[in-house]
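Some notes on the structure that comes next.
Since every read-out is calculated from the coordinates, none of them should be taken as a lab result. Remember, it's a predicted structure, so these values are computed and weren't measured experimentally. Here Cβ is always computed from backbone atoms with ideal geometry, including for glycine, and neighbour counts include all displayed protein chains.
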């Protein structure tokens with residue numbers, strides 16, 4: 001079995017935290033795990049936008065998968081505005097398939113129906129986050145957004161990524177940098 005690993009430097013394996021001045025409302029107050037970032041662009045998953053309108057049992061029914069282990073039900077997240085009908089599972093590397101991208105020693109990404117079936121059967125990865133869609137950037141686009149203060153880069157912490165309270169992840173990610181979200185201003189200014 002061949003396991004793909006992320007070879008790019010850049011921001012792969014990092015969390016991006018949207019600044020309050022983020023001009024794109026689709027990304028306001030988001031936290032994105034960057035799965036891949038290189039000279040060709042970037043791909044990441046929004047980890048703090050749980051969907052209310054789509055549940056894991058709904059998704060399984062649509063895929064024709066029976067839920068064997070009901071304790072395995074997880075929340076479905078909106079991973080970004082690109083390919084919103086496609087599923088991605090960010091997970092611990094205790095579950096690896098040939099198509100799994102192992103981003104670093106703590107986080108892996110699998111985008112096959114096999115992992116969804118494994119989760120439904122209770123044999124999936126220990127830690128997991130399921131998204132529909134992803135966030136994508138063309139060459140240099142993410143770099144420019146970071147230079148324009150649209151994003152802060154934060155070391156990825158599995159406790160934040162797989163935390164059960166998506167509403168707290170933005171503040172938790174900022175707090176990991178020692179920043180109080182209440183102290184950030186949406187208005188830029190000069191002294």
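Descriptive notes on the structure:
- Just one of the listed residues (163, 178, 136) is over 19 Å from residue 12 (Cα atoms) and under 15 Å from the mean Cα position of the chain (by Cα), namely 163.
- Residues in region 110-128 that are touching a strand residue (DSSP E or B) at 6+ places or on another chain (Cβ under 7 Å) and surrounded by 23 or more Cβ atoms within 10 Å (Cβ to Cβ) were compared, and the one that is nearest to residue 35 (Cα to Cα) is 110.
- Among the residues of region 20-64, the ones that are in a strand (DSSP E or B) and either in contact with a strand residue (DSSP E or B) (Cβ under 6 Å, 6 or more places away or on another chain) or touching a residue at least 24 places away in the same chain (Cβ under 8 Å) (or both) come to 17 in all.
- Conditions (1) within 30 Å of residue 140 (Cβ to Cβ); (2) surrounded by fewer than 17 Cβ atoms within 10 Å (Cβ to Cβ); (3) under 15 Å from the mean Cα position of the chain (by Cα); number of the one not met by residue 48: (2)
- Close pairs from region 154-183: first touching a residue at least 12 places away in the same chain (Cβ under 8 Å), partner surrounded by fewer than 12 Cβ atoms within 10 Å (Cβ to Cβ) and assigned to a helix (DSSP H, G or I), Cβ under 9 Å, at least 6 apart: 172/159
Each row is one residue, and each column tells you yes or no for (1) outside any loop (DSSP other than H, G, I, E, B); (2) within 17 Å of the chain's Cα centre (by Cα).
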| position | (1), (2) |
| --- | --- |
| 71 | yes, no |
| 83 | yes, yes |
| 116 | yes, yes |
| 123 | no, no |
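- Counted residues, region 85-100 - those being in contact (Cβ under 8 Å) with a residue 60 or more places away in the chain, assigned to a strand (DSSP E or B) and surrounded by fewer than 19 Cβ atoms within 10 Å (Cβ to Cβ): 0
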